[in-house]
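Throughout, read-outs are computed from the coordinates displayed, never taken from laboratory work. What you are looking at is a predicted structure, and each value in this text was computed from that prediction instead of being measured. Ideal geometry is used to build each Cβ from the backbone, glycine not excepted, and the neighbour counts take in all protein chains shown.
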Amino acid sequence: MDTHVLFVLGVLLGNGIGCLLAVFCLVRMTDQRRTARNRLLLVLVASWALVETARDDMLFVAATTIHMNDFEVRFLLAPSMALTVFAVLFTSAILWLVAMRPRPLWTIGGGTAIGLLLSAMCVQAALAGRAGSAMSIDVVAAAVIAAGLGAMTGIAVWLGTGATSRQTIATAVALLAICLTIAQYLIAKAMTTDPSVTVDSETGFSPIQLGVLTAVAFGVRAIALTVMSMIDENHPEPLTDHDVVVADGRRQG
């Protein structure tokens with residue numbers, strides 16, 4: 001199989017694990033039977049999963065596409081740390097509002113805002129590369145990509161929040177993972193270099209170091225998903241469509 005195809009599948013898998021973890025939390029965070037502390041934990045984990053997945057998988061895309069042929073490339077990650085903290089807090093605030101008011105207007109609007117933020121994280125991660133020449137991105141293309149990812153994220157968050165069927169949950173995960181992967185590769189394609197402007201490429205992470213970092217990040221996501229599943233064993237299962245129908249029938253009876 002072509003190496004590029006393997007890279008794409010790897011990114012899709014990484015995004016899939018992160019989106020599965022996020023949707024796992026979205027399904028449960030609206031459950032009024034849970035304590036406020038447990039729901040807050042779900043909100044924080046979902047926020048971290050979305051932001052971390054978007055940033056770290058975009059770094060992998062950048063390393064394997066934008067700078068694939070430049071062996072001198074370095075990735076300066078320090079500026080993204082503060083942005084990552086802000087993004088997680090901002091996403092948490094939005095998801096907490098969604099958890100308190102799980103209505104279509106709130107979930108779609110909040111999800112769209114999160115999608116725009118994820119796009120900004122991806123652009124920042126792509127611009128973290130230092131290959132000796134200045135990097136830039138087509139602003140119009142970036143705006144279109146951000147709008148598309150924002151709209152799809154809004155739909156995915158709406159589908160996943162408080163979902164009551166496995167089909168809906170699977171749709172939310174697949175939609176979010178596929179759209180995020182497409183957006184990351186489109187952002188990479190929109191990047192250009194300007195050889196006339198030199199940039200220090202001596203500091204930062206090398207592509208190999210970055211590959212190890214993204215592999216570790218993938219492992220942390222998988223472990224977090226396992227831990228959250230284990231923690232959630234002692235909590236009530238989310239109501240399914242069948243449970244809702246039975247409950248309505250009992251009330252009417």
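Numbers for the structure displayed
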| read-out | value |
| --- | --- |
| Segments 90-103, 139-152 sorted - mean Cβ within 10 Å per residue, highest first | 90-103, 139-152 |
| Protection-proxy order for peptides 106-118, 29-41, each taking the mean of Cβ atoms within 10 Å per residue, highest first | 106-118, 29-41 |
| Net charge of neighbours whose Cβ lies under 12 Å from the Cβ of Ala99, counting Lys and Arg as +1 and Asp and Glu as -1 | +4 |
| Cβ-based net charge around Ala217, under 13 Å, with every Lys or Arg adding one and every Asp or Glu removing one | -1 |
